[in-house]
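So the structure is just underneath, and the comments pick up after that.
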Amino acid sequence: MIEITSPALKPMPAGLPRLAVAQVSKAFGANKVLRDVSFSVRAGEIVSLVGENGAGKSTLMHICAGSFPADGGAMALDGAAFRPASPKAARRAGVALALQETSILPDLSVGENLFFGDEPRNGLGFIRQKRLHEAADALFAEMGFALKSTRMGSELSAAERQMVEIAKAIRLKPRLLILDEPTASLSSHETELVLAAMARLKAQGSAVIFISHRLDEVMEAADHAVVLKDGALTLDAERGAFSRDDLIRAMVGRTLADIFPARPADLAAAPVRLSVANATAAGLKPLSFALRAGEVAGFAGLEGQGQRPLARALSGITPFHGGEIAIDGVPIRLTSVARGIAAGIASIPDDRKHEGLALDLPIRMNVSLFALSRRSGWGWLAHALERRFAETARQRFAIRSTGIDQPVRQLSGGNQQKVVFARWLAETPKVLVLYEPTKGVDVGAKTEIYRLIGDLTAAGVAVVLISADMLELIGLSDRIHVLFEGAVTGTLARPEFSEEAIMRLAAGPEGVLTHAA
Amino acid sequence: MQPRGSVRPNLMLGLPALLLALAIGAIATTWSGDFISAGNLGNLVNRVLPLAIAALGEAVVLFAGRIDLSVGSVISLSTAILGVTSAQLGWLSIPLVILAGLACGAFNAAGVILLRINPLIMTLATSAVVKGIALLLLPSPGGEVDYGFYDAFYGQDQFFGWPLLLIACAFAAAFAIFGFTHFGRSIYALGSDGRAAFANGVNVPGIDLSVFLISGGLAAVAGLAVGIKILSGDPLIGDSFTLDAIAAAVLGGVALQGGRGSVFGVLAGAIALVLIGNAFNLLELNTNLQQIAKGLIFVAALMLFMRGRSRSLA
Amino acid sequence: DKKYTIGYDNYFMGNSWSVQLAAEFKAEAEKDKDRVNVVYVESAGDTQKQITNIEDLITKKVDAIITTPTSPTALIPTLKKARAAGIKVVLLASTIKSQDYDALVTVDDIAFGKTGAEWLVKQMGGKGNIIALNGIAGISVSDDRYKGAKEVFDANPGIKILGAVDASWDYAQGKQAVSNLLAANPQIDGVWSQGGAMTLGAIDAFEAAQRPLVPMTGEDNNGYLKRWQALKDKGFVSIATSKPTWLGSEALRITLDLLDGKSVTRDTVLPVPTITADDLGKYVKADLSDSFWANTRLTDEQVKAIFAN
Amino acid sequence: MTVAIYLDRLRPAGASLRAMALLLLLLAAFFISARGFSSILLLDNIRQAAPLGVVVAGQALVLMMGRLDLSVGATASMANIVLCSIFNSDMANLVPAVTATLAAGALVGLANGIMSTKLRIPAFLATLASSLIIAGLVVFFTNGSPRGAVPPAFRVITEGWLFGVAPYSALIWLVLLVALLLLVHFTMLGRKMILSGANVVAARHSGIPSDGLIILSFVLCSVLASIGGILLSAITGMASIGVGNNFTLDSIAAAVIGGALFAGGVFLPLGAMAGALILFFVQSLLYVLALPPAAKFIVQGLIIILALALANLKQERSQ
Ligand SMILES: Nc1ncnc2c1ncn2[C@@H]1O[C@H](COP(=O)(O)OP(=O)(O)OP(=O)(O)O)[C@@H](O)[C@H]1O
Ligand SMILES: Nc1ncnc2c1ncn2[C@@H]1O[C@H](COP(=O)(O)OP(=O)(O)OP(=O)(O)O)[C@@H](O)[C@H]1O
Ligand SMILES: [Mg+2]
Ligand SMILES: [Mg+2]
């Protein structure tokens, strides 16, 4: 039995906490990531864990789930000392973790992923494939997830991977469910499904810890909020005892009046920067829109309605089949990323780990590509310039790192995203294509990114913003196009912006939620 | 057992190799009367046996996203041990050989797990070490193996015999394990994404150990087949098996980066490789062209597999 | 009368000796092309492949098989099968550790090693330090030749073997080995080499290290003979032991006799031809390629056809 | 300021230093058993190691791109055949002989590169296949009896010593290494290659023509393999089949001992050099000790394991 009445802990009401964390600390090398963190979760309670990028949230949850041990401190599960040696051990004890980085096995089917580890067997101990996939489909139906158990893991979109990850955890009806940024890549509809699933578990008496950077979700779902700042606990309050601003203050140590830049009243005078005339691509119906200098066009929609094809086509990765693209009235052939960049199109991918960064190379090399190539072309490297540029970028974006030579792999998700963004500091693009630009990015970093977007538009950059984050879309866009099954089903002007309006269009003409795989 | 989920796509991967084997067989049958003769078919089974078994072991390692370049040396060592010991130990030298094979596998695993050495280079080093040991044990081909072994195992080199039975059982068992057990699935899992596998509770070191033990053990079995075939030990005879085993596996649709492939594909790949050589001899084609043809067929097969597959490979 | 089908297993295509061996056979077969047609198979020095090839020759029901076993034991069961199928088996230039053949024509490699060793010991007056250059461990030719030499050296207590290294019958490896042995050993009085290219490497190593040339055994490849010729007046002494490539043509003669039912001596093990300083002039061919081997029945024209310049 | 940074970039990485340390240990053992140090012997070994060294540099380049080239041995062997046949022991043919050899090499590299990018064949297998095909073609066209030889005058490049102190082949090796160092670490081209090697998708999405760069790396590797073959031909002076075949595995082993990672994104010329020398001196040491050939295999294997074990233990601690 361990000592869990540390000052940091509030006196328990009736019964032992489901999970009690006491003075847990952890360091990676010199980097102290967690400092004496103590808090507890009751059964039938949803605890929200928030904090800036790199605050230590994922690390803390990994420790609870046995991914790696803490350096110091102790944990208790329903009163009994809890020291999971591995994720498996933790799961056996009833603690399930859905990771921020999903761990779907690409070469197994969704069903096999879901049941990996306790597949239904026959008498001889062989796996019963048919039974397994039927059970999987049943579970998805119950949770309202539109997923098919026989699809292969490699075919899944980021959101679908996330949903399978959640289903895996929920399937176990765990005593404690931990969700690390489950909604980061989900549309608001899918987010609703996840929150509903959490509520169901809560009703069944499980405890839930969930991490999110979307404070509206936190306000909606959390019975109890815990805030980490630089690895230390800065707020631990019951529902009703904290406000949105309290959270933000605890996270960043200051309140943010409005995190979105002010939008100019009227852009009608500005020249047209980007014009797309009935362009088509795989997964996209003929699409037309014009974008003025300094304008932000938002693209909303449920997951998988053509956002990805649009983002990739605009950045020249998988080009448009037909139609005309023109920048400043000059038609361009957008057949490759290089051409896009040459034409002044900058783009930020949603999957930073695979499409944005060389994880094993230092920040310096990741950030300096364009700055260097604009100076050196293919010739001699300007090393001095590189270091100077990297240093500036690191400070301007507050990239949390030991220095510009630290491998990007060691950075937290949000800080990695800042690196991807910082690369474009060198260019002032004509058109900026943003695909989920703040996925898993904390409020502080978000504000910086939003300000940057504001500055860029002020400088006449036209921005295409493809996002699942309603607040972001509403806050940044001058105009929102809503996608459904690869076509724009409606366009909203700034005065008409509202989550309801967007959802209505996103749900499709008949208002039914069909899922485009 | 239902070929649903991941089982079906894996089976499909073996199809091209099967078609290739059938095509070569058809060509050989049309142009050479000797192809479908009892003698030849018997020979073919005996040739497929060691290659298929070695390739099966290799494939298991490939499933896990690793690779084993020590197969050939282990085969040589096995024949050497058989040649040196069978005179005194008789049948007892067979378990001894298997143990040696497992030991080689354990050595590979130790390097990969404990020293965290890249499997390709670790097994490369092991193959050198094992080759050295074989040469110490038996500096030049020789050693006596009793004819009883040959008669008991190969008999009259007939088609239906122990070799065929051994192949059938080995691959049937492998199919069941890799299609329908959690162990097999964990091996695929590690190969398709090590981190994800670890996060899903796969005991990564445990799987690494098992795959290298399996590969070492099966290589030893292949070595026994060879040793009994030549009724002696030969410290170099295994050399050509390493690449052939990999070629057979890859021809059979096993993905080098791990996670994909079926054991039946491996069998088909081994058969195809054996048939190519046989056809060249029976059709009296220019033997110098044989290697070139093998290379080209290899490339063709690979192009087939790689179409529409995008994950970048080492 | 009917034409014979003979299967010829070319054990290796990788070096000029094996090529010339096959060429002698082809030339002979050319003479008898109305009596024999030949099925060629290629074993590329791979015992496994050799077994496969012979099995396929059996399947093709040839009348006789001529092969050069790359292992003294591995082929035994297969050759048994061949004879059981009524096929005449003729071993060319290398034998097996059993009686499962109808005829053997070769030069004994043990004797090959012995001959050179005896000459070397005599040159050195029975005492001094030597180094030995071998081919590839595990290949019986290499092992037999050294076995023969070793017997001689062991019989002479005055002779000290500083090192016996494998240089794969290869010039570059021979040179690397010898230059390092020279560095490590201030006193080397003789070099026993079982291959001409390696001896060339040894000579160059001695010269590179500015050490006086010592007695060395060589082989009858033209390149070596030329070099020997050039160094002769500078007092370089050597002997070229030889495994004549005309064994290839001999093999066909014997095979035909067997098929015709004539009686043939089972084991034709010829004495090792040697080339000494006295008859060196007769063998060295300044105008022919370095690759060509002196003990041949091929005409210069035929040689030119195989080895240009 | 800038100067300081250039010096900083020149500072060898940890892996290179470990390889160098290992090399020094080995040299100590070598000269102790060779009874006394001799700079001539040292240089003479370096001279003979040059062919392998050049091939290793190429292999390291391909490894940096996250690929592997199993055809360097066959390519070097082919170079020997082509060079000798065209040279025909006549110095007059110098230019055609060398150009044709290098061109043939470049062609192999081009094929490898295209197979592993455009045709999406894993480099490991593409190059394995091309090595089979090359070796087959060589036997097919030569019927086992390759023609020609290199003229004695040409053999100076490996047999000759500049001012009697520096072997030309060692200098050639050094020059090539420095050229690669400059290319990879001091030009934008090299930087784009590193980025492609570390994450090819991300590189493509940043507008880097990764496929082209990968093909380039294969071409360079094959050309370097051909140069290795040319140096080897200068040493042996004659055409013979399969002279360079050992290069394939040796080059991978050496590159990895020198700190190359299969993950790609790493290029350490100094390490590659040390790796090549380590392998070569192991061989020499065994000759000096006159150990049985069996020992050679065992020691070589153990050296590789040792080198990597050291490297990895170092890593563990740094994490
Ligand atoms: N494997 C690792 N090695 C070294 N440092 C690490 C490692 N994993 C995380 N860190 C560091 O620990 C700190 C906390 O990382 P963590 O992922 O817990 O942050 P987070 O709160 O989850 O951020 P985000 O909201 O972006 O996910 C970061 O500074 C990160 O750089
Ligand atoms: N003992 C351990 N502690 C922590 N993590 C481990 C441990 N063993 C394995 N892992 C994780 O599992 C992985 C082992 O699988 P593997 O070696 O296949 O990785 P990988 O092949 O690099 O992954 P991928 O195939 O996704 O690139 C390690 O990379 C590590 O992430
Ligand atoms: Mg996190
Ligand atoms: Mg892997």
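The values are calculated or read from the model by the stated rules, or taken from the named source; none is laboratory data. All of these numbers come straight from a predicted model, not from anything done at the bench. Note that each Cβ is placed from the backbone with ideal geometry, even for glycine, and that neighbours are counted across all protein chains shown.
In the set C:LEU247, C:LEU258, which member is away from every other protein chain (no Cβ under 14 Å) and within 21 Å of C:TRP169 (Cα to Cα)?
C:LEU247
Within the group D:ASP90, D:ASP69, which residue is among the acidic types (Asp, Glu) and surrounded by fewer than 19 Cβ atoms within 10 Å (Cβ to Cβ)?
On inspection, the qualifying residue turns out to be D:ASP90.
Just a yes or no: is a residue in segment B:48-69 more than 16 Å from ligand 3 (Cβ to nearest atom), small (Gly, Ala, Ser) and without any contact (Cβ under 8 Å) to a residue 60 or more places away in the chain?
Checking segment B:48-69: not a single residue is more than 16 Å from ligand 3 (Cβ to nearest atom), small (Gly, Ala, Ser) and without any contact (Cβ under 8 Å) to a residue 60 or more places away in the chain.
Answer yes or no as to whether D:GLY36 is part of a loop (DSSP other than H, G, I, E, B), within 10 Å of another protein chain (Cβ to nearest Cβ) and closer than 25 Å to D:LEU308 by Cβ.
When the stated conditions are applied, D:GLY36 does not pass them.
Would you pick out the residues in segment A:308-359 that are acidic (Asp, Glu) and without any contact (Cβ under 8 Å) to a residue 60 or more places away in the chain?
Within segment A:308-359, A:GLU324, A:GLU355 qualify.
Exactly one of (1) modelled with pLDDT under 90; (2) more than 16 Å from ligand 2 (Cβ to nearest atom) is unmet by B:GLY201. Its number?
Tallying (1) modelled with pLDDT under 90; (2) more than 16 Å from ligand 2 (Cβ to nearest atom), B:GLY201 fails exactly one: (2).
Scan segment A:147-156 and tell me whether some residue there is out of contact with any helix residue (DSSP H, G or I) (no Cβ under 6 Å at 6 or more places or on another chain) and either farther than 24 Å from B:VAL7 by Cα or acidic (Asp, Glu) (or both).
Yes, segment A:147-156 contains at least one residue that is out of contact with any helix residue (DSSP H, G or I) (no Cβ under 6 Å at 6 or more places or on another chain) and either farther than 24 Å from B:VAL7 by Cα or acidic (Asp, Glu) (or both).
Filter the helices (runs of 4 or more DSSP H) completely within segment A:101-196 down to those with at least 3 residues that are in contact (Cβ under 8 Å) with a residue 40 or more places away in the chain and more than 10 Å from chain B (Cβ to nearest Cβ).
A:158-171
Yes or no, residue by residue, for (1) within 8 Å of chain B (Cβ to nearest Cβ); (2) in a strand (DSSP E or B); (3) hydrophobic (A, V, I, L, M, F, W, C):
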site	(1), (2), (3)
C:TRP17	no, no, yes
C:VAL41	yes, yes, yes
C:ILE51	yes, no, yes
C:ILE54	no, no, yes
C:LYS61	yes, no, no
C:ILE66	no, yes, yes
C:THR70	no, no, no
C:PRO77	yes, no, no
C:ALA82	no, no, yes
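Among the listed residues D:SER77, D:SER38, which satisfies the condition of being over 21 Å from D:LEU180 (Cα atoms) and touching a residue at least 24 places away in the same chain (Cβ under 8 Å)?
None of the other options fit; the residue is D:SER77.
Looking at this structure, is A:ALA55 within 16 Å of ligand 1 (Cβ to nearest atom), over 26 Å from the mean Cα position of the chain (by Cα), more than 21 Å from A:LEU176 (Cα to Cα) and touching a residue at least 24 places away in the same chain (Cβ under 8 Å)?
Taking the combined requirement at face value, the residue does not satisfy it.
Just to be sure I understand, how many residues within segment A:81-92 are crowded, with 19+ Cβ neighbours inside 10 Å and more than 9 Å from chain B (Cβ to nearest Cβ)?
Counting residues in segment A:81-92 that are crowded, with 19+ Cβ neighbours inside 10 Å and more than 9 Å from chain B (Cβ to nearest Cβ) gives 3.
Residue check: is A:GLY44 on the phi > 0 side of the Ramachandran plot, more than 16 Å from ligand 2 (Cβ to nearest atom) and surrounded by fewer than 22 Cβ atoms within 10 Å (Cβ to Cβ)?
Yes: the conditions hold for A:GLY44.
Name the single residue, out of those in segment D:175-228 being among the hydroxyl-bearing types (Ser, Thr, Tyr) and at the interface with another protein chain (Cβ under 7 Å from one of its Cβ atoms), that is farthest from D:GLY73 (Cα to Cα).
Going through the qualifying residues, I end up with D:SER206.
Where residues in segment C:1-49 are among the polar types (S, T, N, Q) and within 15 Å of C:LEU259 (Cβ to Cβ), which of them is surrounded by the fewest Cβ atoms within 10 Å (Cβ to Cβ)?
C:ASN37
If you take the residues of segment C:147-182 that are basic (Lys, Arg) and away from chain D (no Cβ under 12 Å), which of them is nearest to the chain's Cα centre (by Cα)?
C:LYS147
Considering only segment B:168-207, state which residues are of a type in the set (Phe, Trp, Tyr) and more than 7 Å from chain A (Cβ to nearest Cβ).
Hits for segment B:168-207 are B:PHE171, B:PHE175, B:PHE178, B:PHE183, B:PHE198.
Can we say A:ASP236 is outside any strand (DSSP E or B), farther than 29 Å from A:PHE320 by Cα and either within 16 Å of ligand 2 (Cβ to nearest atom) or outside the structural domain of A:LYS430 (by the TED database) (or both)?
no
Of all residues in segment A:54-78, which are under 20 Å from A:SER401 (Cα atoms) and either near ligand 3 (Cβ under 9 Å from one of its atoms) or not aliphatic (A, V, I, L, M) (or both)?
Hits for segment A:54-78 are A:GLY54, A:ALA55, A:GLY56, A:LYS57, A:SER58, A:THR59.
Inside segment A:56-108, can you point out the residues that are closer than 17 Å to B:VAL202 by Cα and of a type in the set (S, T, N, Q)?
A:SER67, A:SER86, A:THR102, A:SER103
Check A:ASP360, A:ASP405 and return the single one that is within 16 Å of ligand 4 (Cβ to nearest atom) and more than 21 Å from the chain's Cα centre (by Cα).
After ruling out the rest, the residue left standing is A:ASP360.
Search segment B:240-264 for residues being closer than 21 Å to B:PRO50 by Cβ, surrounded by fewer than 24 Cβ atoms within 10 Å (Cβ to Cβ) and within 8 Å of another protein chain (Cβ to nearest Cβ), and hand back the single one that is nearest to ligand 1 (Cβ to nearest atom).
B:LEU243
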